[in-house]
Amino acid sequence: MRTFSTDAPEFFVFKIEGSDEVKKIPLAGSMNNRELLAFEETGGDYRKQLEWLRSYIGEAIYELSPTTTAAIMKAWMEESSKSGASVGE
């Protein structure tokens, strides 16, 4: 019999300008299937992406500009890709 375990998650870690609080989002390869499906269900819809991000970084998401939000999403996708998981393609 084979046994599989959950891997220790890897995170995309960042700060929002003007705040000392560290925010983190699991890299796609570290997410469980439910979390990854939740991202995939956003389908590039901005409103759905905001809600998805809010689940990780809280209400701070509403204080960001669309440009900053897009930069966070892009950086998360790039870091996830470097770790071997492709998302948002």
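Some points to look at:
- Of all residues assigned to the stretch 75-82, none qualifies as being in a loop (DSSP other than H, G, I, E, B), in contact with a helix residue (DSSP H, G or I) (Cβ under 6 Å, 6 or more places away or on another chain), among the small types (Gly, Ala, Ser) and touching a residue at least 60 places away in the same chain (Cβ under 8 Å).
- If you filter the stretch 61-74 down to residues that are part of a helix (DSSP H, G or I) and among the polar types (S, T, N, Q), you find that the one that is farthest from the chain's Cα centre (by Cα) is 67.
- Test: residue in the stretch 76-88 that is at pLDDT below 90 and aliphatic (A, V, I, L, M): yes
- One residue from 21, 59, 10 being of a type in the set (D, E, K, R) and either touching an Asp or Glu at 6+ places or on another chain (Cβ under 9 Å) or touching a residue at least 60 places away in the same chain (Cβ under 8 Å) (or both): 10
- The stretch 35-60, subset assigned to a helix (DSSP H, G or I) and acidic (Asp, Glu), residue farthest from residue 24 (Cα to Cα): 40
- Residue list for the stretch 7-34, filter: part of a loop (DSSP other than H, G, I, E, B) and either surrounded by 15 or more Cβ atoms within 10 Å (Cβ to Cβ) or not small (Gly, Ala, Ser) (or both): 7, 9, 10, 16, 17, 20, 21, 27, 31, 32
- Candidates in the stretch 43-89 are the residues that are acidic (Asp, Glu) and within 21 Å of residue 9 (Cα to Cα); of these, the one that is surrounded by the most Cβ atoms within 10 Å (Cβ to Cβ) is 79.
The values are calculated or read from the model by the stated rules, or taken from the named source; none is laboratory data. The structure presented is a predicted model; accordingly, all values stated were derived computationally and were not measured. Heads up, the Cβs are rebuilt from the backbone with ideal geometry, glycines too, and the neighbour counts pull from every protein chain shown.
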